[in-house]
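The values are calculated or read from the model by the stated rules, or taken from the named source; none is laboratory data. These figures come from a predicted structure and were not determined experimentally. Here the Cβ positions follow ideal geometry from the backbone for every residue, glycine too, while neighbour counts run over all protein chains shown.
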Amino acid sequence: MRTLSIKLDDIVYEETEQLLEKIKTPRNRYINEALIYYNRIQKRKIISSLLAGESILVSEESIKVLCEFGNLDEHDS
């Protein structure tokens, strides 16, 4: 386990403190859970971006192949 010192905007701190009081969760647990959640979101964004890039490459290759098949049909006629 690591110890961190963080600076929060006043409004974020106040809102968090109000929520913590209502949900009866320790601040450290709350921040850990928030970071776990946010890390998952960021990982999904990275994967989505990678997949989008790969999809473009596959799409371009598919178009080339289809064009080549189209050229074969013209030569057979």
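Output the number of residues of the range 9-48 satisfying the condition of being loosely packed, with under 10 Cβ neighbours inside 10 Å, more than 25 Å from the chain's Cα centre (by Cα) and part of a loop (DSSP other than H, G, I, E, B).
Residues flagged as loosely packed, with under 10 Cβ neighbours inside 10 Å, more than 25 Å from the chain's Cα centre (by Cα) and part of a loop (DSSP other than H, G, I, E, B) within the range 9-48 amount to 2.
Looking at Leu66, is it of a type in the set (A, V, I, L, M, F, W, C) and in contact with a Phe, Trp or Tyr (Cβ under 8 Å, 6 or more places away or on another chain)?
No: the conditions fail for Leu66.
Ser55 is checked against (1) in a helix (DSSP H, G or I); (2) at pLDDT 95 or above and fails just one. What number does that condition carry?
With respect to (1) in a helix (DSSP H, G or I); (2) at pLDDT 95 or above, Ser55 is out only on (2).
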